[in-house]
Amino acid sequence: QVQLVESGGGLVQAGGSLRLSCAASGSFFSTSTMAWYRQAPGKQRELVARISSGGDIIYADSVKERFTISRDNAKNTLTLQMNSLKPEDTAVYYCARIGIRWPVSWGQGTQVTVSS
């Protein structure tokens with residue numbers, strides 16, 4: 001059974017930093033592409049960053065040069081380091097396991113609020 005649990009969200013001022021973590025249970029982690037998504041109020045859920053099992057990474061244009069995704073297969077942990085945060089980064093952030101093309105498992109989400 002796949003279980004993803006996010007942590008690390010909170011309230012931060014613009015320009016600040018937060019570090020999100022996703023703890024994964026199960027034997028799938030090291031062989032799976034993992035990703036961070038976010039959903040702001042009234043908007044569709046969008047991809048923030050994804051990392052393949054081999055370490056290939058893609059970022060949304062809006063977070064390039066500010067966010068860093070990483071994974072620790074020994075600890076079954078996915079991390080998102082977020083720097084230079086902006087009010088428009090405010091959203092619920094979700095950890096996801098990617099199937100062939102699309103997410104197949106989601107965490108419960110963690111709220112990130114950036115004040116101006």
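For segment 42-66, enumerate the residues that are of a type outside the set (D, E, K, R) and without any contact (Cβ under 8 Å) to a residue 24 or more places away in the chain. Walk me through how you get there before you give the answer.
From segment 42-66, those of a type outside the set (D, E, K, R) are 42, 44, 47-49, 51-55, 57-60, 62-63; that's our starting set.
Selection gives Gly42, Gln44, Leu47, Ser52, Ser53, Gly54, Gly55, Ile57, Ile58, Tyr59, Ala60.
Quick check: anything in segment 81-91 in a loop (DSSP other than H, G, I, E, B), modelled with pLDDT of 95 or more and of a type in the set (A, V, I, L, M)?
At the first step, the residues of segment 81-91 found to be in a loop (DSSP other than H, G, I, E, B) are 83-86, 90.
Applying the additional criterion that residues be modelled with pLDDT of 95 or more yields 83-86, 90.
From the residues that got through so far, the ones that are of a type in the set (A, V, I, L, M) too are 85.
So far as segment 81-91 goes, yes, one or more of its residues are in a loop (DSSP other than H, G, I, E, B), modelled with pLDDT of 95 or more and of a type in the set (A, V, I, L, M).
Scan segment 53-68 and give yes if some residue there is touching a Phe, Trp or Tyr at 6+ places or on another chain (Cβ under 7 Å), surrounded by 13 or more Cβ atoms within 10 Å (Cβ to Cβ) and closer than 13 Å to Cys22 by Cβ, otherwise no. I'd like the intermediate steps shown before the answer.
Taking segment 53-68 first, the residues touching a Phe, Trp or Tyr at 6+ places or on another chain (Cβ under 7 Å) are 59, 67.
Next, from what is left, pick out any that are surrounded by 13 or more Cβ atoms within 10 Å (Cβ to Cβ): 59, 67.
With the extra rule that they be closer than 13 Å to Cys22 by Cβ, the set shrinks to none.
No, the conditions are met nowhere in segment 53-68.
I'm trying to understand the selection: among the residues of segment 70-94, which are closer than 22 Å to Gly42 by Cβ, among the hydrophobic types (A, V, I, L, M, F, W, C) and open to solvent by less than 30 Å² (accessible area, probe 1.4 Å)? Working first, answer last.
Step one: filter segment 70-94 for residues closer than 22 Å to Gly42 by Cβ, giving 82, 85-94.
From what's left, among the hydrophobic types (A, V, I, L, M, F, W, C): 82, 85, 91-92.
Once the filter is applied, which keeps residues that are closer than 22 Å to Gly42 by Cβ, among the hydrophobic types (A, V, I, L, M, F, W, C) and open to solvent by less than 30 Å² (accessible area, probe 1.4 Å), segment 70-94 yields Met82, Leu85, Ala91.
The values are calculated or read from the model by the stated rules, or taken from the named source; none is laboratory data. Since this is a predicted model, take the numbers as computed values, not measurements. Every residue, glycine as well, gets a Cβ built from its backbone with ideal geometry; the counts of neighbours run over all protein chains shown. Ligands, DNA and RNA are stripped out before the accessible areas are found, and what is left, the full protein with its side chains, is counted by its heavy atoms. Shrake-Rupley method; radii C 1.70, N 1.55, O 1.52, S 1.80 Å.
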